[in-house]
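Engineer: Handing you this structure, nothing more for now.
Since every read-out is calculated from the coordinates, none of them should be taken as a lab result. Please read these numbers as outputs of a predicted model, since none were measured by experiment. No Cβ is skipped: glycine too gets one built from the backbone with ideal geometry, and neighbour counts run over all protein chains shown.
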Amino acid sequence: MRKAFFLSALAIHLENVLLNFSFVNAIFSLRFIAISLCFCIASNVFAQNQPSRPVRCVTGSVMEKYFQKYPRDKVAFDQSQQAFQQKYEAFRRAKKDNPAQQRLNAIVTIPVVVHIVMDDPSLVTDEQVQSQLDVLNADYAGENADSVKIPAAFKSLFGKGNIRFCLAQRSPSNEPSSGITRKTSSTISIPGDSDPVKYTTMGGVDAWDVNRYLNIWVCKMGDNDLGYSFMPGLPGLSASDVGLVTAYHAFGTIGSAAAPFNKGRTATHEIGHFFNLSHTWGSNECQASCADSDFVDDTPNQNTCTYGTPSYPLTDACTGTAPGIMFMNFMDYTDDAAMCLFTAGQADRMETALSTFSDRMQLMSSNGCVPPVLYNNDVKALAVVSPSNAGIRCAANIIPRLTIRNVGASPLTSIRLNVAIDGGEPVVTNLNLNLPSLQETTLPGNAIAATAGYHSVKIYTTLPNGAADQQPFNDTATMVFSVVGNANEPLVHGFESTVFPPQGWGIANNSDVIEYNPVRATNAARSGTASVKFDNYNYQLFGKSTMLVTPQLAIPLTADSVKIAFWRAAAQYSSINSDTLEILFSSDCGQTFTSVYKKGGADLKTRPDFTTAEYIPTADEWVADTADITAFVKGRYDNIIVQFRNINGYGNNVYIDDINIYTRSLSQHLKEKGYLIAPNPTTGLLTIQHYPASSSLRGVAVYSSTGQLIWKAQYTASTALNYIPINLSHMASGIYIVQLLYTDKTITQKVLKMN
Ligand SMILES: [Zn+2]
């Protein structure tokens, strides 16, 4: 199935740019009122009115924008919230009968990884990170020192939950870890899905496995934002987006943390969202409303958000009498020093979320808080660097190269590389080295002769430090690669044989996805029953190329023309998703290539209409095409390899078939005289050729032997042709006179017609 997720996201994004914003809000508000469990929304009223004050939390607006882009996730979210609320309320009812009951029977410690992405990530020290962890553990246990400030009227509601946090003690690949990563980068957070700070390719840092770790990104945020987190129950949200982002000046209690957000409460608050808490006034963003709820039964009804450090008691339109609203709750917007509690209802709600949401519950069984035990001798094969599937080589010796990581505790001083091609006997290389624990290096093996063909190579390590590897399951890496053979022109191929790539041909691609290589398609053919398919439909690999490469072709240096004829079929998925077909040749065995043909998008397609289903061409959608490479090759190279390169635009499939690479040599007469009337004698078809094309030819006439005109044509400088066919097949046999009339001369030649 095509993974159309990203495309639709783009399309919806474009739509949203065009939509009137308040109209969208109105639509969503109606939908939210209709569904009791909801994220009611508004534009960020507060930020618009007072842009200078920090925006405590943008979770509400992030969720709102997300639901506009992915309406289907809104439906799924509401359904999961309804199911969740039933479980939560059932527990709360049971707890009334048994107040000592806890939602989590024992303490559950969540492994946390903190990614610091800043111009100077050392600004946030390990100690500052630890200060944040200390705050989280105190706040979630109800052991925070400032809980003494909880007003007497609220003391009985104080929640003391069983969720705790540790800094991860092992990396996703089970190596020792501090639970802190640092990246020097000017990338700032753009709250929402695909936040750049969460993606290495955009200058951020990729999430660690979100099923094993709670990811926290600490960075710069724009617009005075302090933090946000997606809530649970979003099936369309990329796993890479799960976790929370906090501004570096609102993280921890020391170092770069700055008042009034230097008590670590931004992370306390955002992890509340991560575990499905809403703001105390409801899920809208600071809109005055007593109807909106946080669906927690022990927080007072609250009209809107509260800022700063209010004096107790504080009443509002929804709770008009003392003790008033709970502005000191972690899920309000007050300053860090003014906050001091979750309620028991909130703690139960978070623990219910952790133990029931499928995108949270695996955190409970993570081993991320447990340091790994390293074996003494354990080498991990990471990747085959050479040979590779990214290029094509001619037959030659290859130097196999393998990147390894010493994941053993001991320094690695010796290792054996075993290289097996196509399942054969391994070629062994013994190497001495000095690789410290948890370091990587690339090892060269002995040269291996590579014959023409499509090969698999398996490289594995044995005998680290002369001993058995204690974790042998991670010692092997594999790769495929092509070596092209030799052939003479004309090279004619219709891909009818089931052997693919054909003997002497090569296939390759420059992504890491070997399956993206060109394939032989048996459901599409210009002739016969098969063709070559470049799959742009199922692979979203923008800009990545797949390649079909011919054998090395002998080209006569005396050839007067060299041409690549082929048939193509292609469809466009949309006007945005555009694929490209390029033809290149190499005279140095694939080290360098020269482009001689390039068509993309509307120029490439052979089906007029956009096609959103996987494209399979019909018989009449094949188009003949030719790349004339005479000017590049003639007289210069006596062998070339030709590459058909497909460049992915996540559009639709491109097919080629019936390739014919050929040369033509002109007759000596044509080269010397500049014209040729042939064949002579002829049985019917007669051709007049000029080389080079004549601009002075003004007419051609053919007379019978008795002087009767039987054929003529007139030309101008611009219409003169260098190839003129004349059909004499209906004429009687005998002698005919062909006359070529030029501006400055006349040429007459007798031609014998035979039957
Ligand atoms: Zn919030």
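Engineer: Given that compact globular proteins tend to follow 2.2 N^0.38 Å, what is the ratio of the alpha-carbon Rg of region 605-755 to that value?
Structural biologist: 1.48
Engineer: Here is a follow-up. I want to check the label-to-label distance for Leu433 and Gln102. Put each point 7 Å from Cα in the C-beta direction and report it in nm to one decimal.
Structural biologist: Computed distance between label sites Leu433 and Gln102 equals 4.8 nm.
Engineer: Ok, one more. Rounded to the nearest 0.05, what FRET efficiency do Leu709 and Asn680 give with R0 = 25 Å and r taken as the Cβ-Cβ distance? Could you check?
Structural biologist: 0.80
Engineer: Output the direction-averaged projected area (hull surface divided by four) of the convex hull of the alpha-carbon atoms of region 379-484, in nm².
Structural biologist: With the hull built on Cα positions only, its mean projection is 6.0 nm².
Engineer: Convert 37 °C to kelvin, take the viscosity as 0.692 mPa s, use the Kirkwood radius over C-alpha pairs of region 486-664 as Rh, and evaluate the Stokes-Einstein diffusion coefficient in µm²/s, rounded to a whole number.
Structural biologist: 202
Engineer: Using only the Cα atoms of region 137-215, each taken as one equal point scatterer with no solvent, compute I(q) by the Debye sum, divide by I(0), and report log10 of the ratio at q = 0.26 Å⁻¹.
Structural biologist: -1.18
Engineer: Once the Cα atoms of region 489-546 are picked out, what are the Rg and Dmax in Å?
Structural biologist: Expressed in Å, the Cα Rg and Dmax of region 489-546 come to 12.4, 36.
Engineer: How much length is gained if the chain between Ala624 and Gln86 is pulled fully straight, taking 0.36 nm per residue apart and subtracting their Cα-Cα distance, in nm to one decimal?
Structural biologist: Fully extending the segment from Ala624 to Gln86 adds 187.2 nm.
Engineer: A follow-up question, please. When you take every Cα atom in region 183-320, what is the radius of gyration, and what is Dmax, the widest Cα pair distance, in Å?
Structural biologist: 16.6, 52
Engineer: At a 10 Å Cβ-Cβ cut-off, how would you order Thr321, Thr719, Thr580, Thr299, fewest neighbours first?
Structural biologist: Thr321, Thr719, Thr580, Thr299
Engineer: Helix-only estimate, please: 222 nm mean residue ellipticity of the chain, summing -39500 (n - 2.57) across DSSP H runs of length 4 or more and dividing by its residues, to the nearest 500.
Structural biologist: Result for the chain: -5000 deg cm²/dmol, rounded to the nearest 500.
Engineer: Sticking with this one: Test of understanding: what is the full-extension gain from Asp512 to Ala239, defined as 0.36 nm times their sequence separation minus their Cα-Cα distance?
Structural biologist: 96.2 nm
Engineer: Please report the relative contact order for region 474-547, taking Cα pairs under 8 Å with a sequence separation of at least 6, and give it as a percent rounded to a whole number.
Structural biologist: For region 474-547, the relative contact order is 30 percent.
Engineer: A 30 angstrom limit on the alpha carbon distance is what I want to check against. Which of Lys69/Lys198; Lys65/Lys599; Lys65/Lys533; Lys671/Lys712; Lys95/Lys198; Lys87/Lys155 exceed it?
Structural biologist: Lys65/Lys599; Lys65/Lys533; Lys95/Lys198
Engineer: Moving on to the next point. Taking the Cα centre of region 583-638 as the origin, how large is its charge dipole in debye, to the nearest 20, when only Lys and Arg (+1) and Asp and Glu (-1) carry charge on their Cβ atoms?
Structural biologist: 240
Engineer: Over the chain, calculate the relative contact order: mean separation of alpha carbon pairs under 8 Å at least 6 apart, over the residue count, as a percent.
Structural biologist: Worked out over the chain, it gives 9 percent.
Engineer: Let me know the volume per residue of the alpha-carbon convex hull for region 440-521, in Å³.
Structural biologist: So the per-residue Cα hull volume is 152 Å³.
Engineer: Please figure out what share of the DSSP beta bridges in the chain is antiparallel and state it in percent, rounded to the nearest 5.
Structural biologist: 80
Engineer: Another question about this same structure. Which residue, Gly222, Phe542, Met63, has the largest displacement toward the positive end of the dipole of the chain when charges sit on each Cβ (Lys, Arg +1; Asp, Glu -1)?
Structural biologist: Toward the positive end, the furthest listed residue is Phe542.
Engineer: Would any residue of region 485-505 have its amide N under 20 Å from a label point 7 Å out along Cα→Cβ of Ser456? List them or say none.
Structural biologist: So the set is 498-505.
Engineer: Here is a follow-up. Which trypsin sites (Lys or Arg not before Pro) from region 687-755 combine a DSSP loop assignment with at most 14 other Cβ atoms within 10 Å?
Structural biologist: Lys745
Engineer: Order these by the 10 Å Cβ neighbour count, fewest first: His690, His115, His669.
Structural biologist: Ordered by Cβ neighbours within 10 Å, fewest first: His669, His690, His115.
Engineer: Turning to a different aspect of this structure: When a footprinting reagent is the concern and you count Cβ atoms within 10 Å, what order do Glu582, Glu351 take, fewest first?
Structural biologist: Glu582, Glu351
Engineer: Determine the gain in length on full extension of the stretch Ser718-Met202; use 0.36 nm per residue of separation and subtract their C-alpha separation, reporting nm with one decimal.
Structural biologist: 180.2 nm
Engineer: Quick check: convex hull over the Cα atoms of region 5-365, volume per residue in Å³, rounded to an integer?
Structural biologist: With only Cα atoms used, region 5-365 gives 133 Å³ per residue.
Engineer: With +1 on each Lys and Arg Cβ and -1 on each Asp and Glu Cβ, and nothing else charged, work out how big the dipole of the chain is about its Cα centre, in Debye to the nearest 20.
Structural biologist: Dipole about the Cα centre, nearest 20: 2020 debye.
Engineer: Points 7 angstrom from Cα along the Cβ direction at His730 and Ala337: gap in nanometres?
Structural biologist: Here the modelled spin labels are 10.7 nm apart.
Engineer: Compute the distance in nm between two label points, each set 7 Å from the Cα along the Cα-to-Cβ direction, one at Phe158 and one at Asn367.
Structural biologist: A separation of 3.9 nm, rounded to one decimal place.
Engineer: Along the charge dipole of the chain, pointing to its positive end and built from +1/-1 on Cβ of Lys, Arg, Asp and Glu, which listed residue (Trp711, Ala452, Ala267) has its Cα farthest out?
Structural biologist: Sorting the options by dipole projection puts first Trp711.
Engineer: If you don't mind, another one. Using the crude model of +1 on Lys and Arg Cβ and -1 on Asp and Glu Cβ, and no other charge, please compute the dipole size for region 132-262 relative to its Cα centre, in debye to 20.
Structural biologist: Computed about the Cα centre, the dipole is about 280 debye.
Engineer: Something else: Could you please state, rounded to a whole Å, how far the C-alpha centre of region 682-740 is from the C-alpha centre of region 48-117?
Structural biologist: Between the Cα centres of region 682-740 and region 48-117 lies a distance of 86 Å.
Engineer: Kindly state, as a whole number, the per residue volume in cubic angstrom of the convex hull around the alpha carbon atoms of the chain.
Structural biologist: 224
Engineer: Starting from the exponent 0.38 and prefactor 2.2 Å, build the expected Rg for region 668-753 from its residue count and divide its actual Cα Rg by it.
Structural biologist: So the Cα radius of gyration is 1.03 times the expected 2.2 N^0.38 Å.
Engineer: Please identify which residues in region 708-735 have an amide N closer than 17 Å to a label point set 7 Å out from the Cα of Thr748, following the Cα→Cβ vector.
Structural biologist: Residues 708-712, 735 qualify, since their backbone N sits under 17 Å from the label point.
Engineer: Based on the Cβ-Cβ distance of Asn397 and Glu440, what FRET efficiency does E = 1/(1 + (r/R0)^6) give at R0 = 35 Å, to the nearest 0.05?
Structural biologist: About 0.85, to the nearest 0.05.
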